[in-house]
Amino acid sequence: MNIDEYIRLHTSPQGQLLDSLERRAHVELMRPRMISGHVQGRLLKIIASIVRPRYVLEIGTYTGYAAICLAESLTPEAELHTIESDDEMLDFIHRFVSQSPQASQIHIHHGDALDLIPVLVECYPFDLVYIDANKREYIRYYDLLIDRLPVGALILADNTLWDGKVAQEPMPQDAQTKGIDQFNKYIASDPRVEQVILPLRDGLSLIYKL
């Protein structure tokens with residue numbers, strides 16, 4: 001048994017809905033690996049339980065897996081707003097989000113995140129944000145958000161190790177790897193926040209607004 005399997009076996013189960021979503025993703029989608037997955041999904045639920053956010057923003061819905069995980073810990077008055085640019089994913093997202101006990105609290109927005117973030121932050125003081133979209137745009141997402149978030153807000157940024165490519169020498173020069181590396185350096189030098197990169201799966205950054 002490898003260590004990843006050991007961790008999964010000793011992590012709380014994700015439940016029937018997410019099991020079903022994960023199975024269908026592997027059958028129907030080209031890139032099922034993009035799903036957060038069992039262990040990271042349970043971490044997202046626990047983080048939301050600790051933060052107890054009133055408003056959650058997710059940038060990059062993909063299948064709705066992470067949105068469902070985050071929503072599991074929402075209090076009855078809380079809301080989760082999630083942005084997806086790919087209209088071909090919307091049927092899949094709605095199919096599974098509609099089965100969540102928190103479906104009425106999950107609001108799906110279709111469009112470009114760079115256009116929608118300014119609109120949403122005008123309406124909601126988000127205290128928990130999960131970024132998992134175009135890696136080349138992470139800095140732009142962050143800049144649209146950071147000054148509009150309340151003190152104590154938590155940003156989670158996924159894929160910040162990018163299969164370890166950010167630490168390779170020489171570092172690959174593709175746009176995605178460069179975008180993640182530039183984002184990591186940008187956050188590390190920002191005095192408005194404290195941050196840590198967890199070596200979970202493909203890297204998960206926790207960024208706390210001071």
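Derivation of every value follows stated rules applied to the coordinates shown; laboratory data play no part. Every value quoted in this text rests on a predicted model; they were computed, and no experiment measured them. In this analysis, Cβ positions are derived from the backbone assuming ideal geometry, glycine residues included, and neighbour counts consider all displayed protein chains.
Please list, by residue number, every one of the GluC sites (Glu not before Pro) in the stretch 16-90 that is coil in DSSP and has at most 14 other beta-carbon atoms within 10 Å. Write down the numbers at each step before the final one.
Working: sites: Glu22, Glu28, Glu58, Glu72, Glu77, Glu79, Glu84, Glu88; in loops: Glu72, Glu77.
Counting only loop positions with at most 14 other Cβ atoms within 10 Å, the GluC sites (Glu not before Pro) in the stretch 16-90 are Glu77.
Counting DSSP beta bridges with both partners in the chain, what percentage is antiparallel, nearest 5?
Numbers: 11 of 29 bridges.
Bridges in the chain that DSSP calls antiparallel: roughly 40 percent.
Can you tell me the relative contact order of the chain? Whole percent, Cα pairs under 8 Å, sequence separation 6 or more. Mind dumping the intermediate values first?
Working: 340 pairs, mean separation 34.2, N = 210.
In percent, rounded to a whole number, it is 16.
Hey, could you pull the Cα Rg and Dmax for the stretch 1-100, both in Å?
Spelled out, the Cα radius of gyration and Dmax of the stretch 1-100 are 13.6, 42 Å.
Where does the stretch 1-207 land on Rg(C-alpha)/(2.2 N^0.38 Å)? Each step should come with its number before you reach the end.
On the way: Rg = 16.4 Å, N = 207, 2.2 N^0.38 = 16.7 Å.
Normalised Rg, Cα atoms only: 0.98.
How much length, in nm to one decimal, is gained on full extension between Asp86 and His110, taken as 0.36 nm per residue of separation minus their Cα-Cα distance?
Details: separation 24, 0.36 × 24 = 8.64 nm, distance 0.76 nm.
Stretched out fully, the Asp86 to His110 stretch lengthens by 7.9 nm.
Which of the pairs Lys45/Lys185; Lys135/Lys178; Lys165/Lys185 have their Cα atoms more than 19 Å apart in this structure? Can you show the working numbers first?
Numbers: Lys45/Lys185 27 Å; Lys135/Lys178 9 Å; Lys165/Lys185 14 Å.
Beyond 19 Å: Lys45/Lys185.
Anyone know which of Tyr62, Tyr124, Tyr138 comes out most mobile in the 10 Å Cα GNM of the chain?
Highest fluctuation of the listed residues: Tyr124.
Taking the Cα centre of the stretch 1-207 as the origin and placing charges on Cβ (Lys, Arg +1; Asp, Glu -1), which of Thr82, Leu44, Gln182 is farthest toward the positive end of the dipole?
Leu44
Of Ile7, Thr63, Leu21, which is farthest on the positive side of the dipole of the chain, counting Cα position, with +1 on Lys and Arg Cβ, -1 on Asp and Glu Cβ, and the Cα centre as origin?
Selected residue: Ile7.
Quick check for me: using +1 on Lys/Arg Cβ and -1 on Asp/Glu Cβ, what's the dipole size of the stretch 128-205 about its Cα centre, in debye to the nearest 20?
Numbers: 9 positive and 12 negative charges, 22 e Å.
Charge dipole of the stretch 128-205: 100 debye, to the nearest 20.
Roughly how big is the chain's charge dipole about its Cα centre, with Cβ charges of +1 (Lys, Arg) and -1 (Asp, Glu), in debye to the nearest 20?
On the way: 20 positive and 30 negative charges, 99 e Å.
About 480 debye.
Using DSSP, restrict attention to beta bridges with both residues in the stretch 112-210 and report what percent are antiparallel, rounded to the nearest 5. Display every interim value, and only then the final one.
Values: 11 of 15 bridges.
Looking only at bridges with both residues in the stretch 112-210, the antiparallel portion is about 75 percent.
Using only the Cα atoms of the stretch 94-204, what do you get for the radius of gyration and for Dmax, in Å?
15.4, 48
On a full-extension model of 0.36 nm per residue, what is the gain between Leu17 and Glu77, subtracting their alpha-carbon distance, rounded to one decimal in nm? Could you put the intermediate results ahead of the total?
Numbers: separation 60, 0.36 × 60 = 21.60 nm, distance 2.27 nm.
Fully extending the segment from Leu17 to Glu77 adds 19.3 nm.
Can you tell me the length gained on complete extension of the stretch Arg136 to Lys165, counting 0.36 nm per residue apart and subtracting the Cα distance?
Numbers: separation 29, 0.36 × 29 = 10.44 nm, distance 1.44 nm.
Using 0.36 nm per residue and subtracting the Cα-Cα distance, I get 9.0 nm.
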